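Step one of this worksheet: look at the structure below.
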Amino acid sequence: MNATQHLQTVITGWPHLTDMLDTHTAAPWPPAGRYADYERALLDAARPLGTVRELEVPAGQPPLNLDVLDTARTVTIALTETADRIASAVQRAPLSVDMGRGWSDQVHQQAALLAARDAADPRRWPYDPTDPRRTAVFAAVWLQQRLDDPSPQDGPFRPLTTQQIEHIARIAAEAARRIDTVLATARRRERLPLACPHCRRNRLTVEGGDGQSPAVRCGACGWTRTTQETAA
């Protein structure tokens, strides 16, 4: 993945991250409250009319998920500070016009209006710490825009340097990694101490954690089941 894609991970994952803050936590891995229950469900899948039961996860939820809170704070600080650093280097100061000359001069009036529009350009990064736009998502979008247009022909920006692009890429990759870890969206695999119920030649592997239903597969014969699947 490139830096733009890593930033997109932050943008698309942020609503899920904030939702997890006080409503739910990620399911455990492997996806079973008790391994014995999971093993029985796998064996059921090998029977002609068996159904893989969807296992229950314990319902106990803390009032505040501190891991989520820590990740949200860390990513927000990292991205906003990166935007501050990049903006200080590439975002030019607003146009300056002497406002003491009054408005009788039409050319001066047009220049003053141009300066006001330049200062209010929504593409500018907000330095004011009280500005509500200073969020992880806005910073990610702003950094994406800088990467998408590294040598702007218009707007209040100078071109990005190679070092600045590399710095954004490093921060974006780490932010995406932290988001993926908390949301458990990075696909994971784990070998199970259980032989394939179909060919009985190979141990099974459980895969999941990327938003899809957990699946159990045999690398020898290709037998596959999910926890939501009914055997034919």
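Bear in mind these aren't lab numbers, they're just calculated from the coordinates by the rules spelled out. Here the structure is a predicted model, which is why all the values come from computation and not from measurement. Backbone-built Cβ (ideal geometry, glycine too); neighbour counts: all protein chains shown.
Structure notes:
- The Cβ shell under 10 Å around Ala139 holds other residues with a net charge of 0, Lys and Arg each +1, Asp and Glu each -1.
- Within the shell defined by Cβ-Cβ distances under 13 Å, the residues around Ala87 carry a net charge of +3, with Lys and Arg each +1 and Asp and Glu each -1.
- Other residues lying with their Cβ under 12 Å from the Cβ of Trp125 contribute a combined charge of +2, Lys and Arg counting +1, Asp and Glu -1.
- Shape category assigned to segment 150-203 from the gyration tensor of Cα positions, a/c cut at 1.5: prolate
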